[in-house]
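First comes the structure, then the notes that go with it.
Taken together, the values in this text are just the output of simple stated rules run on the coordinates, not laboratory data. Nothing here was measured: the structure is a model prediction, and the numbers come from that model. Using ideal geometry, Cβ is built from the backbone for each residue, glycine included, and neighbour counts are taken over all protein chains shown.
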Amino acid sequence: MANNRLDQVVSTIVEAVRGAVRDENISFEEYRAAIGYMMKIAESGELPLFIDVFLNTSIVSVINQNAHPAASPSDMEGPYFLDSAPVLEDGKMKTMDAYADDQPMIVRGTVKDVDGQPLADVLVDMWNSTPDGKYGGIHEGIPVDYYRGKVRTDAQGQYQFESTVPVAYKIPDSGPTGALLEMMGRHSWRPAHVHLKVRHPGYRDLTTQLYFAEDEYTHSDCCEGIVPEQFIYPELIEDGKRVLEADLVIEPQAESQMAA
Ligand code: BEZ
Ligand code: FE
């Protein structure tokens, strides 16, 4: 049986690409070069990275377009989320002593529903880079249970994590994705950011990111992330720790999603 949704989506994509070919007067040589480049990306294993760099932000725009006006803005998940992250009883992530100059960071806030009511027992995941732009369980030398973890909100809907301040980092740039960005005259840097994912039964998952006002890449993300204004934080230090306060509003799941 024909899948109408698939037919509609694929036809729209093909028509958009055909339109680009016509608009840009693409030659047969350029067409063959594009096929060769796509093969390179696939063979290098960078297909997920390539798609995340160019398209994850558009998927997030669709999520935001359809979201309740009071819900917190979504942002890219990226390729480094691991659902196997440890549950942290006290919110303190494991960080590595090797980074002697790292700056402690607290990320805290309240999870609420769209009517402003705090939600208890909500699962909040956080993951952020090391002080040299690596992720636990992804990059060599950083164990999987470092710089990531899960907590549950308390009876007042509050959550808190302790980690260290992340930095701007380059997405892997030694392969064809980085080479393409360079040929386009673009850089491969993501601004310093903290990833958050909020999950609660009966509510839509919220995946978002927090940014740092002073970071030079906050407004020139190589992935053209959403970078919501309300999640760009000026410097606030408490007891020597950088503090980011992020209240997170989640909305009820649509009935069609509950059935799924
Ligand atoms: C990230 O933020 O972790 C990320 C997003 C897109 C590509 C690579 C990394
Ligand atoms: Fe990241």
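Points to keep in mind about this one:
- At R0 = 30 Å, FRET efficiency that the Cβ-Cβ distance of THR12 and ILE237 yields, to 0.05: 0.05
- Amide H partners (placed H, <5 Å) of GLN103, local residues excluded: VAL165
- Taking a straight Cα-Cα cut-off under 26 Å and skipping sequence neighbours fewer than 8 places away in the same chain, the lysines within cross-link reach of LYS197 are LYS92, LYS94, LYS112, LYS134, LYS150, LYS170, LYS241.
- Tilt relative to the chain, helix 4-23 - C-alpha long axis, 0 to 90 degrees, to 10: 60 degrees
- Distance between the 7 Å Cα→Cβ label points at GLU24 and ILE138: 2.7 nm.
- Near GLU251, the amide H atoms lying under 5 Å from its own belong to ARG204; only residues 5 or more places off or on other chains count, and H is placed 1.01 Å from N.
- Within the chain, antiparallel bridges make up roughly 75 percent of the DSSP beta bridges whose residues both belong there.
- Between the alpha-carbon centres of the range 112-144 and the range 154-177 there is a gap of 7 Å.
- Evaluating 6.51 cos²θ - 1.76 cosθ + 1.60 at θ = phi - 60° for every residue in the range 38-46, the Karplus couplings come out as 5, 4, 4, 4, 5, 5, 7, x, 8 Hz, glycine and proline recorded as x.
- Contour excess over end-to-end distance, with Cα ends at GLN65 and ALA155 and 0.36 nm allotted per residue: 29.3 nm
- Each of THR12, THR153 has some number of other Cβ atoms within 10 Å of its Cβ, and from fewest to most they run THR12, THR153.
- Karplus-derived 3J(HN,Hα) values for the range 89-94, using 6.51 cos²θ - 1.76 cosθ + 1.60 with θ = phi - 60°, are 4, 10, x, 8, 6, 6 Hz; glycine and proline are entered as x.
- Of TRP127, TRP189, the sequence from fewest to most neighbouring Cβ atoms within 10 angstrom is TRP189, TRP127.
- Spin-label pair LEU55/GLU216, simplified geometry with 7 Å Cα→Cβ offset, distance in nm: 3.3 nm
- Computed E for MET184/ALA120 - FRET, C-beta separation, R0 51 angstrom, nearest 0.05: 0.60
- Computed from Cα positions, the angle between helix 47-65 and the longest principal axis of the chain comes to roughly 70 degrees.
- Under Karplus coefficients 6.51, -1.76 and 1.60, residue-wise ³J(HN,Hα) of the range 121-129 in Hz, glycine/proline x: 6, 7, 7, 10, 9, 9, 9, 8, 7
- Distance in nm between pseudo-label sites at TYR99 and ARG5 (7 Å out along the Cβ direction from Cα): 4.0 nm
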